Amino acid sequence: MADLVQMIERAGLSLATVMARKGADYGAIIAALGDGELHATGPGTWLAVSDASLDELPDRLRGQASVSDQSGGYIVYRFAGPGARRLLQRGAFIDLDPEAFGPGAVAVTAIAHMGVILWQVDAAPTYDVAIFRSHAESFRHWVEGMIPALAPISA
Amino acid sequence: MSRLPTGGLVDRNQPLRFSFDGKSYQGFQGDTLASALLANDVTLVGRSFKYHRPRGILTAGSEEPNALVTLRSGARAEPNTRATTIELYDGLTASSQNRWPSLGFDLMAVNGLFSPLFVAGFYYKTFMWPAAFWEKLYEPIIRRAAGLGALSMLPDPDSYDADHGFCDLLVVGAGPAGLAAALTAARAGKRVFLVDEDSRMGGRLLAELHEIDGDDGRRWVDRTIAELAACPRVTLLPRTVLFGAYDGGVYGAVERVSDHLPTPLPGQPRQRLWKIVATRAILATGAIERPLVFAGNDVPGVMTSSAVQAYVRRWSVLPGKQVVFFTTCDSGWKAVHDLLRAGVIPAAIIEARAHVAPDVKALAGAVPSFLGAQIIGTRGGKRLKGVDLRDAQGRTWRLDADVLAMAGGWNPAVGLGCNLGARPRWSDELNAFLLDHPPAGMAMAGAAAGQFGLGAALASGIAAAAEFGTMAAPRTSDDPADGRPLWHVPHRRGKAFVDYQHDVTDSDVALAAREGFTSVEHMKRYTTLGMATDQGKMGQVNGNALLAQATGKTMAEAGTILSRPPYLPVAIGTLAGHHRDEHFRPVRQTAGHGWAAEQGAVFTDAGQWKRAQWFPKAGERDWLESVCREVNAVRTGVGICDVSTLGKIDVHGPDAGALLDRLYINTFSTLPVGKARYGVMLREDGFVMDDGTTSRLADDHFFVTTTTVNAAKVMQHIDYARQVLWPELDVQATSVTEQWATYAIAGPQSRALLAALLPELDLSNEALPYMGALSFRWLGVSARLFRLSFSGELAYELSVPASHGDRLIRALFELGRAFDAVPYGTEALGVMRIEKGHAAGNELNGQTTAADLGMGRMMSTKKDFIGRVMAQRPALTDAARPVLVGLKPVDPAARLRGGAHLLPKGADAIAANDQGHVTSVAYSPTLGHWIGLALLAKGASRHGERIIVHDPVRGADVEVEVCHPVFVDLEGVRVRG
């Protein structure tokens, strides 16, 4: 069963909510992040995710965007394996079919009544789920309960 | 044994043992409990609801009203399970219900003798008065006598989960029409969900003999399912009941994942709740055969014709030795034909119509038939022995029979299509209610659309999926599907049942009409027809017809009811899914939760949050002793409390100050950087919404805090204000509640403790005065220190990223040992805030104004803000309003109770004299007696007055003195220390 889904915590990440100021150039905001990931979560709003520190980001975006550090606020779990899509589909009431949700797609949604930011990393498919730190234990409990049920059942 | 030697869709190589009412039997893989019972000649399976009449198996499907059994035993016992839908497994146990002491000898059958008492509406008539008897006497007796099945009262050992489906086309029902529709869309490459309640797809093709494309119809089913299963974009869900249609193309379904197994496989749920979003849906839900209403139509052995056909063809079971058909339509003759082909020769066919087409008549071969005849009575109690019929010439005949197969015509299963309000229309041509105008995105096909012949059903399935593609219709016979309804056979004696499950008879419907309940909706409620677990699937249309006859209306004028979800009963556990017991909702834990748990904290719920309520120490007698210790420690030394659950919002942007000025009653744009200010927000209606401190961390950055329970509401309020009310403001808002772990460090020793933790910081009054805020770094991460006090002591709130919250709390207590630092919980926090007269949730109750809470003067007159205008309403500025005061008992030993009422001394304890109520109470260890906060009419001018706290629920009256709500350090010297 473990080979159906692998779930690992992406530890040591820096995270920030980035919100564009009025009239800001979104291109400049995106460029300012450099190598980091920028996941769109709303109009002019992104979750910035980086292995490197984002401490400099507010200064780099001064006047362009407001930045709130969220490094402690979320835990990001990575889901991979042949059962990853099925697992997350059982949780999220959004269409994860490749036709509707592919690499780079982001959704702000809920899994088991917990708010999540979900994005698809690659076509394998691999997904990341950012969840409030306070919900992490309830979320893990849900995952641990769901993975065994992914195994196909004999008739 | 009544198993035919060959044929059927049972595996004779896989015998299965099972027991019913303690007796052992054997069936085969592929059987239902009903087919296996019939194969073992068990025909009496239950007792009826009201009269406890012996009942047998009436149908072969989920519409079964009679054969309700308790499946399994112990914690897994499931009452009211339809024997016709239970898949047999090895070791299955089931028992009958609603009988005492036994199924064969039921004392409650005496109800039948008193049946004149139990007519429609008897609840209303018999148990009207005295009113007090209802709850204590009548209702418990009725419930005991009438209950169907009993719960085990043990926790459900199984688990349930949920899944979500998205598709271009949802097909409900995998009979010929559904299979054709699904195949059409699947071949066009569409995403298709095919849902069927049966364990085996195929619908009536499993029960009837048909040829499709020159081959056995069942082989066409097998080929079609194989092709569908091979399509990666097709999801087949057998054993799945689609129970409801909802707005936006959302459908609910329950997959019975493990119900066909003795126990679920490890890790597997028993059932799974599906929410399916479908661009288009086709209801190929088939039709349900109508019973006929004649005297004695409920004797075990009386069955629907389609059920007899199914038991013979699908399960190879002969339900009796002398099978008589009573039919009003061609499908009855077709059933006779199918029996003949299986080697079963029916005894007679009694046709209500005077004429049938020659090709239809030929279907019955040499079986004796009576045209223009009716069954006028049955013989037998626990098992049918014979029937009485009247022929076209008026002669009566007595036939021996142990099975009577009723073919009363077909009711298209349009229920799901009515869930969103579409109303079925009566078709005089088809003698059925049809859904001509299903909701947008939904189409009907097959028998559900009145296409009763196989060829027509297949064609309608293909046509319903035409927008996705097309395919050639399979070649098949177009079987005759004519008929004329016979709604009622008049009788002098006996009972003719309309609703089997609720024991509603033809005379009950007639009584309803006589008493003025002439609409189908009123008749339904008065007689309870259609209100049992089968929800009128068998009896509703017959009831409508009898009502129409009694009131001189046509079927179209009488109309029918709309059905609501669920189409079939759904277990509550399935809807709850993962969310049961302590996981009934997600839990939020602060970063310091683990540490607090290690200290033995008692936790309380604040919304989803777990908060440490107090930290009991060995030897402490009760919570009060722990809480008093914690309060005393804070007031004399230093205590630490996790306040991470408070809502926290970053408000950024050049116009951040301007927005906050419009949100709060007081002014924030003038707040200097590095300072905090207490603020109050009103709702638009002028009442207080929330309070908290807001700090300015930069010119364009404010840090707003809210109460724990209002965090989400205030965030929504801010977003509404900036996005909807004033989109021209350049301001951004982000919830950072989760980002920061925050600890209140309070008490005279708090500065010394912080100095030990943060030696590089200047914590002097000059550098960080009361209501000061500063940002710095701790262990390489950002940290913030606010000099705020809820306790009234010298106090700080220290925040670090939640990822470092556990390290911080451990570091604080490591260093705190030298200061005898104690952790304190929400109880001590509450005691100290009451001692300080701070308003909290009990006072911010949605009915108080800023002035009520003593903060009227905070309301700026120099600016506009949300709630300003409505706060000036006369009722909100009335000088007589109750306002916040303190209460001290005159007798220091007296205890105060929250919620108690306030009366003037000497006044009678009546509502007219009520002057307010106690909002919060605490035992104050600082003062050594109970204290309270209260909302008292004109309270501000009544300090010093003695009044009565009246608590009729929990205790005697207590005399108290009204005082200022701040009990401790009124001047606020300590916080500035």
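The values are calculated or read from the model by the stated rules, or taken from the named source; none is laboratory data. Since the structure is predicted, the reported quantities are computational estimates derived from the model, not experimental observations. Note: ideal-geometry Cβ built from the backbone for every residue, glycine included; neighbour counts use all protein chains shown. In case anyone asks, the SASA skips ligands and DNA or RNA and just uses the protein heavy atoms, side chains included. Shrake-Rupley method; radii C 1.70, N 1.55, O 1.52, S 1.80 Å.
Couple of notes before you dig in:
- Number of residues in the range B:625-656 that are within 14 Å of chain A (Cβ to nearest Cβ) and in a helix (DSSP H, G or I): the value is 1.
- Applying the criterion of being open to solvent by less than 10 Å² (accessible area, probe 1.4 Å) and away from every other protein chain (no Cβ under 11 Å) to the residues of the range A:121-137, the residue that is farthest from the chain's Cα centre (by Cα) is A:Tyr127.
- Within the range A:138-154, tally of residues that are within 30 Å of B:Val800 (Cβ to Cβ), crowded, with 17+ Cβ neighbours inside 10 Å and more than 7 Å from every other protein chain (Cβ to nearest Cβ): 2
- Looking across the range B:705-743 at every residue that is away from chain A (no Cβ under 14 Å) and open to solvent by 10 Å² or more (accessible area, probe 1.4 Å), the one that is farthest from A:Val116 (Cα to Cα) is identified as B:Leu725.
For every residue, the table says whether it meets (1) in contact with an Asp or Glu (Cβ under 7 Å, 6 or more places away or on another chain); (2) open to solvent by 10 Å² or more (accessible area, probe 1.4 Å).
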residue	(1), (2)
B:Thr279	yes, yes
B:Thr285	no, yes
B:Glu289	no, no
B:Met303	no, no
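- Condition check for B:Arg272: open to solvent by 20 Å² or more (accessible area, probe 1.4 Å) and not hydroxyl-bearing (Ser, Thr, Tyr): no
- Scanning the range B:404-423 for residues that are open to solvent by less than 20 Å² (accessible area, probe 1.4 Å), outside any strand (DSSP E or B) and of a type outside the set (Gly, Ala, Ser) yields B:Val414, B:Leu416, B:Cys418.
- Residues that are open to solvent by less than 10 Å² (accessible area, probe 1.4 Å) and at the interface with another protein chain (Cβ under 8 Å from one of its Cβ atoms) within the range A:99-113 are absent altogether.
- Helices (runs of 4 or more DSSP H) wholly inside the range B:801-883 that include at least 1 residues being within 14 Å of chain A (Cβ to nearest Cβ) and at pLDDT 95 or above: B:805-816
- Of the strands (runs of 3 or more DSSP E) entirely within the range A:8-98, those holding at least 1 residues that are among the charged types (D, E, K, R), facing another protein chain (nearest Cβ under 9 Å) and under 22 Å from B:Lys648 (Cα atoms) occupy A:65-69.
- Considering residues of the range B:374-403 that are in a loop (DSSP other than H, G, I, E, B), among the aliphatic types (A, V, I, L, M) and within 49 Å of the chain's Cα centre (by Cα) only, the residue nearest to B:Gly483 (Cα to Cα): B:Ala401
- If you filter the range B:932-950 down to residues that are open to solvent by less than 40 Å² (accessible area, probe 1.4 Å) and out of contact with any Asp or Glu (no Cβ under 7 Å at 6 or more places or on another chain), you find that the one that is nearest to B:Asp908 (Cα to Cα) is B:Ile947.
- In the range A:56-72, the residues that are under 16 Å from B:Val731 (Cβ atoms) never reach a residue that is acidic (Asp, Glu) and surrounded by fewer than 18 Cβ atoms within 10 Å (Cβ to Cβ) with C-beta atoms less than 6 angstrom apart, at least six apart or across chains.
- Verdict on B:Asp222 being acidic (Asp, Glu) and surrounded by fewer than 20 Cβ atoms within 10 Å (Cβ to Cβ): yes
- Verdict on B:Ala746 being modelled with pLDDT of 95 or more and crowded, with 24+ Cβ neighbours inside 10 Å: yes
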